[in-house]
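This report concerns only the one structure given below.
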Amino acid sequence: QGADGGGSSTHLMEIYALQIQLYSRQKDNKKLREIFNKAMAVRGGIPHPRTLALIQELGGKMHMAAKEYEFAGKTFFQAFKSYDEAGDPSRLRCLKYLVMASMLHASTINPFDSQEARPYKDDPEIVAMTNLVQAFHSNEIHTFERILRKNQGRIMDDEFVREHVEDLLRTIRRQVLRRVIRPYTRISLQAIAKELNDIPVPDVESLLVGLILDGKLQGEIDQVAGVLLKRADRGQESSETALIPPDPEIMLCDAFDQMISTLEGLSNNIASTKLNDPHHMRGFGGLTA
C-alpha cells in the first residue's frame, strides 16, 4: 500500500475508515487490527485530519480491548492531535481516553505535560480527568475515588470510559497496595483493606493473587490467619516485620516469657557461683551453702 499515489492513497484511507468503523461496531478485532495496520502503512496523499483521527481513535480502542495500554495511549494522542488540527471538539473525548490509557499503563508521565494537551487541562470537560490523573500519580486513592463519585456526569457518561473504570480502580489499588506492603514481611489483610479505602478483604486477596501471578510480589497468603507472608527481595532487608494490631494477651505472655527467661538466667548464674565458691553466700545473713 505504501506505493499508492497521492489521490489513490487518500481514497484508500477513506475506504479503510469505513471498514474500521464497520469492524469496530461488529467488535471484530481481528479484522479491525488488520485494516488498521494497513491504514497506518499508507504513504502519500493527504487524508482529511478528521478521517485520520477517526481511524486513530478506533485503533486506540482496539488496543485498549487487547489491554495494550501503552500503544493505546500513543494512538489516542495521535487521534487527539488530528482532531485538534481539524478543529473538531472530539479532541476532548480523545484526550480523556489518552489520560485513561496512561493511567492503565501506570505511566509516570502526566499527559497534560505535553505542549499539545496542556491548554485543555482546565477545560470544564477535562478538569475532572486532570484531577484524577494527579491523584493517581500521587497514590491518593481516597481522592481518586472521591473524584470519580463527584464527577459522574463528566466521567461516567462516556460508555467507553465507564467500561474501564473498574480497571482504573484496580490499577491504582495495586499501586497503593505495593507501596503499603513494601516495608513489611508480614501484614494483615485487614490492615491492607483499610489502606485501600476499606475495600472487602476478598478484594485484597484478589489483588495480592494478581501481583503474585504477575511476578510483582514474592509471598503467600495465609487465609486462616488473615495475613500476607512476604518474602523480602534479595539484597533488601525489611524494616518491619508486621502491621498487625497487637493482641494484649500475646503481649502479656511475651512479657512473662521474657521475665521468666531473665529470672532463669539469674538463677543459673547464682547456682554456678555457689558451686564454684562455697563461701560466696556467707555474707547474706550468715547463710552458708
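Selection over region 199-219 of residues that are modelled with pLDDT of 95 or more and among the charged types (D, E, K, R) gives a count of 2. The single residue among F71, F36, F112, F76 that is within 30 Å of the chain's Cα centre (by Cα), of a type outside the set (D, E) and at pLDDT below 95 turns out to be F112. Screening E166 against (1) under 25 Å from M62 (Cα atoms); (2) of a type outside the set (S, T, N, Q); (3) touching a Lys or Arg at 6+ places or on another chain (Cβ under 8 Å) leaves a single unmet condition, (3). No other residue among I15, I20 is surrounded by fewer than 19 Cβ atoms within 10 Å (Cβ to Cβ), assigned by TED's automatic domain parsing to the domain that holds R162 and more than 30 Å from the chain's Cα centre (by Cα) apart from I15. Among the residues of region 179-188, those that are more than 15 Å from E140 (Cβ to Cβ) and either surrounded by fewer than 21 Cβ atoms within 10 Å (Cβ to Cβ) or acidic (D, E) (or both) comprise R182, P183, T185, R186, S188.
In the condition set (1) modelled with pLDDT under 95; (2) in contact with a Lys or Arg (Cβ under 9 Å, 6 or more places away or on another chain); (3) not in a loop (DSSP other than H, G, I, E, B), M13 is compliant with all but (2). Provide a single number: the residues in region 39-68 that are within 25 Å of the chain's Cα centre (by Cα) and charged (D, E, K, R). Adding up the residues that qualify gives 4.
The values are calculated or read from the model by the stated rules, or taken from the named source; none is laboratory data. Not measured: the values here are computed from a predicted model. Because the Cβ atoms are built from the backbone with ideal geometry, glycine has one as well, and the counts that use them run over all protein chains shown.
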